[in-house]
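Working notes, structure below.
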Amino acid sequence: MGEVVKDEYQTDYVAGQDNINPFGLDLHNWVFPVAAIIVVLFVIGTLMFPGGEGDS
Amino acid sequence: MVVSLALIFMPVGKIRLGGQNATPEFSTMSWFAMLFAAGMGIGLMFWAVAEPVAYYTGWYETPFNVAANSPEARDLAMGATLYHWGLHPWAIYAIVALSLAFFAFNKNMPLTIRSAFFPLLKDKVWGWPGHIIDVLAVVATIFGLATSLGFGAQQAASGLDYLFQVGSGTNVQMAIIVGVTALALISVLRGLDGGVKVLSNINMATAGIVLFFVIFAGPTMTILETIWVTSSTYVANIVPLSNPFGREDEAWFQGWTVFYWAWWISWSPFVGMFIARVSKGRTVREFVTAVLIIPTLITTVWMSGFGGTALEQIQQGVGVLADKGLTEVSLATFQMFEQLPWTGIVSFVGIILVLVFFVTSSDSGSLVIDSITAGGKTDAPTAQRVFWVVMEGAIAAALIFGGGEDALGAIQAVAISAGLPFTAILLLMTWGLLKGLTHERKLLLQRGELTS
């Protein structure tokens, strides 16, 4: 009899289990806020402190 | 690339993404169109002429230091261009996409980048290591997209100015970014079926019409001959071009090949995620064949049509490209069009094609980012995708306002620098994928869901 193969790639984790739902949205509780803050700060910072010629 | 090609022939090729009873979500033609638009669309419009001309004329070195403007340079110009746009980049996308699709659709893991690292990290991947992986992927994707949008806006503005003398300053570039972002928003609100799928189909049809026009209105026999030259030179030189040691053309190798590999790798989380998202229901064999072979074949014909026509014009001493060589990358395609009939119409259609490719990139990019930031869910509220589309446009606009080409170049350099460490991650993903697929095949055979 051949050896029984067990599924080694099983996890109890379910997509969205760490999500939060402010205002009816569906956001990962760490990834969304961290990424959003980085992006928003970058846009604000670049607009407040332009580095050089904006025209090309 | 070797692993990707091997997957087409390996027994694991029979495994179906989403389970053996899964069915594809999109028709084959729509699927091809979406793969292509996500992976390469914009670059082909600009580089299909600029790159062969650059290599042939020695604008920045020549492949293998061959003499510029020689018959050897002409053949290598085409072969080396296909080398950068052919099997190699699509193999990178195929591995990333297949890893993500397999673990998400067959192992019910979230459709996020972190899932591909489950073989390495096991359940720790749902904690801090995974948060860092996903945040890095989101930041890399959105800045990569915004940079491309910013450069593209500059290039499109140059093209519009060249054709219609509308000016190409910041105002025109901003207007293009606002327009592309607005269209991407409409596409997002229409959903995957009504949005990016429709636009990708329009793009493929329009690109097909432009390509046929170039082939039949241009030097048809030369182009047909160039298809053979491009393919044969590519095959003959794929190994020497891939050799990183003892290169006498070190400057060309670093300036072009290394740049391209880093650029494709930096795009692979985005393109890989999007390809994964639209590929459920395909077998591994169908998937790798479609992602690897079909785009390479289309790129061969496209590069031969556009680049072959440009090189013929230079050799015949006809047009601006023959007179002045490559002056500005963004204008090279339009300068080639100038020597064909109906210049104004085909150039205008070319600009529309570029802009619609931008819209599909922005739309599909927001789909990818939204999936990652929603913890791998693919049915999150549309408002979240709207946020990411607006942010892509905002970053591009801020970069143009804040620093123009220098700022865009700086961000691009950061994105490309991330390509080196991500290469190590790619190798780990490849290992994890092979392990996962081999194990899955054993499970399916055991359950009788697959025959050997």
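Against the test of being surrounded by fewer than 24 Cβ atoms within 10 Å (Cβ to Cβ), farther than 30 Å from B:GLY191 by Cα and free of Cβ contacts under 8 Å to residues at least 12 places away in the same chain, the options B:ALA424, B:ALA380 yield a single qualifying residue, B:ALA424. Does B:GLY376 qualify as being within 22 Å of B:ILE42 (Cα to Cα) and not hydroxyl-bearing (Ser, Thr, Tyr)? In short, no.
Output the residue which, of all residues in the range A:7-48 that are more than 7 Å from every other protein chain (Cβ to nearest Cβ) and small (Gly, Ala, Ser), is farthest from B:PHE105 (Cα to Cα). Show your work before the answer.
Step one: filter the range A:7-48 for residues more than 7 Å from every other protein chain (Cβ to nearest Cβ), giving A:10, A:12, A:14, A:17, A:20-23, A:29, A:33, A:36-37, A:40-41, A:44-45, A:48.
Next, from what is left, pick out any that are small (Gly, Ala, Ser): A:36, A:45.
On the way: A:ALA36: 27, A:GLY45: 40 Å.
Only one residue fits best here, namely A:GLY45.
Select, from B:LEU199, B:LEU211, B:LEU145, the only residue that is over 22 Å from B:GLN412 (Cβ atoms) and either among the polar types (S, T, N, Q) or touching a Gly at 6+ places or on another chain (Cβ under 7 Å) (or both).
After applying the criteria, what remains is B:LEU211.
Does the range B:42-58 include one or more residues that are more than 12 Å from chain A (Cβ to nearest Cβ), surrounded by 24 or more Cβ atoms within 10 Å (Cβ to Cβ) and more than 22 Å from the chain's Cα centre (by Cα)? Looking through the range B:42-58, at least one residue is more than 12 Å from chain A (Cβ to nearest Cβ), surrounded by 24 or more Cβ atoms within 10 Å (Cβ to Cβ) and more than 22 Å from the chain's Cα centre (by Cα). For the range B:267-286, the set of residues classified as of a type outside the set (A, V, I, L, M, F, W, C) and within 16 Å of B:TRP85 (Cβ to Cβ) consists of B:SER268 only. Among residues of the range B:161-174 being within 14 Å of another protein chain (Cβ to nearest Cβ) and surrounded by fewer than 19 Cβ atoms within 10 Å (Cβ to Cβ), the one that is nearest to B:ALA397 (Cα to Cα) is B:MET174.
Within the range B:113-130, the set of residues being at the interface with another protein chain (Cβ under 8 Å from one of its Cβ atoms) and in contact (Cβ under 8 Å) with a residue 60 or more places away in the chain comprises B:PHE118, B:PRO119.
Scanning the range B:95-112 for residues that are hydroxyl-bearing (Ser, Thr, Tyr) and facing chain A (nearest Cβ under 9 Å) yields a single hit, B:THR112. Residues in the range B:431-450 that are in contact (Cβ under 8 Å) with a residue 60 or more places away in the chain and surrounded by fewer than 18 Cβ atoms within 10 Å (Cβ to Cβ): B:TRP431, B:LYS435, B:THR438, B:GLU449. Taking the range B:187-214 as the range and being out of contact with any Ser or Thr (no Cβ under 7 Å at 6 or more places or on another chain), surrounded by 18 or more Cβ atoms within 10 Å (Cβ to Cβ) and farther than 26 Å from B:THR309 by Cα as the test, the residues that pass are B:SER187, B:LEU192.
Here A:VAL39 fulfils each of the conditions (1) crowded, with 16+ Cβ neighbours inside 10 Å; (2) modelled with pLDDT under 90; (3) in a helix (DSSP H, G or I) apart from (2).
Surrounded by fewer than 24 Cβ atoms within 10 Å (Cβ to Cβ), of a type in the set (S, T, N, Q) and either more than 13 Å from the chain's Cα centre (by Cα) or at negative phi (or both): is that true of B:SER70 in this structure?
Spelling it out, B:SER70 is indeed surrounded by fewer than 24 Cβ atoms within 10 Å (Cβ to Cβ), of a type in the set (S, T, N, Q) and either more than 13 Å from the chain's Cα centre (by Cα) or at negative phi (or both).
The values are calculated or read from the model by the stated rules, or taken from the named source; none is laboratory data. Quick caveat: nothing in here was measured; it's all calculated off a predicted structure. Don't worry about glycine lacking a Cβ; one is built from the backbone with ideal geometry, like all the others, and counts go over all protein chains shown.
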